[in-house]
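A quick write-up on the structure given underneath.
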Amino acid sequence: MQARAPLMIEHRLIERMIEIIKGILAKIEIEKKVDPVMIDTTVDFIRTYADRTHHGKEEDILFRELAKTDLSEEDQKLMNELIDEHILGRKTTRKLVEANSRYRKGDMSALSEIVSNLRVLVDFYPRHIEKEDKVFFPSARTYLSEQEDQAMLNEFWEFDRKMIHEKYISLIESFETP
Ligand SMILES: [Fe+2]
Ligand SMILES: [Fe+2]
């Protein structure tokens, strides 16, 4: 198995979440309200799975390894663009959390902010994923030997193995914080 395989499998689950977010947006359009718990769950998926687990492997392992190689100007530019999009994802999620918290406290005007931030996610994620699957990952593969690719795959498994522990340790710590 190539190292990019687990990343591409993760993309498929993120795409399914994007479809679910589209459903949430359609429901808001009709009902003019949202269930804040559904937004909490969406944020948890984006933060824990899409950002920490998935972007984490891309940034902390794949991009780190590529930075050691002699990337073409074009690939370097593309990698920077992907990093910027990860940052945009984080900022959007933060704004979504803030809007959801205001909405929960009764500020109905926060609904339009929830909608606009969900729309940003629905708009950029599929394009980001397509860029990685069809352009960046195949190109990135040419900079690494078979051995380097397999070493990266092993590091991916090790990274994933820690995730569930990291998530629940941080949950407990957040409960313990007065
Ligand atoms: Fe990415
Ligand atoms: Fe990705």
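Observations
- Candidates VAL43, VAL34, filtered to the one that is under 23 Å from ILE164 (Cβ atoms), open to solvent by less than 50 Å² (accessible area, probe 1.4 Å) and away from ligand 1 (no atom under 16 Å from the Cβ): VAL43
- When the stretch 61-74 is filtered for residues that are exposed (fewer than 14 other Cβ atoms within 10 Å of the Cβ) and of a type in the set (Asp, Glu), the ones remaining, listed by number, are ASP70, GLU73, GLU74.
- Per this entry, ARG119 is counted among residues that are under 20 Å from GLU29 (Cβ atoms), in a helix (DSSP H, G or I) and of a type in the set (Lys, Arg).
- Positions within the stretch 3-25 being more than 16 Å from ligand 2 (Cβ to nearest atom) and either over 29 Å from PRO36 (Cα atoms) or open to solvent by 30 Å² or more (accessible area, probe 1.4 Å) (or both), in sequence order: GLU19, ILE20, LYS22, GLY23
- Top-ranked residue of the stretch 1-30 - restricted to ones that are more than 15 Å from ligand 1 (Cβ to nearest atom) and not in a helix (DSSP H, G or I), ranked as nearest to HIS128 (Cα to Cα): GLN2
- Within the stretch 98-135, considering residues that are crowded, with 16+ Cβ neighbours inside 10 Å and among the small types (Gly, Ala, Ser), the one farthest from ligand 1 (Cβ to nearest atom): ALA110
- Lone qualifier among LYS95, LYS77, LYS91 - being farther than 23 Å from ALA151 by Cα, touching a residue at least 12 places away in the same chain (Cβ under 8 Å), open to solvent by 20 Å² or more (accessible area, probe 1.4 Å) and more than 15 Å from ligand 2 (Cβ to nearest atom): LYS95
- Taken together, HIS165, HIS86 contain a single residue that is more than 16 Å from ligand 2 (Cβ to nearest atom) and either part of a helix (DSSP H, G or I) or under 23 Å from ASP40 (Cβ atoms) (or both), which is HIS165.
- Pairs with Cβ under 9 Å, 6+ apart, first in the stretch 152-178 and open to solvent by 100 Å² or more (accessible area, probe 1.4 Å), second in a helix (DSSP H, G or I): TRP157/PRO6
- All positions within the stretch 136-145 that are among the small types (Gly, Ala, Ser) and either touching a Cys at 6+ places or on another chain (Cβ under 6 Å) or surrounded by 13 or more Cβ atoms within 10 Å (Cβ to Cβ) (or both): SER139, ALA140
The values are calculated or read from the model by the stated rules, or taken from the named source; none is laboratory data. All values derive from a computational prediction rather than experimental measurement. We place every Cβ from the backbone using ideal geometry, glycine too, and count neighbours over all the protein chains shown. Accessible surface is based on the protein model in full, side chains and every heavy atom, while ligands, DNA and RNA are left aside. Shrake-Rupley method; radii C 1.70, N 1.55, O 1.52, S 1.80 Å.
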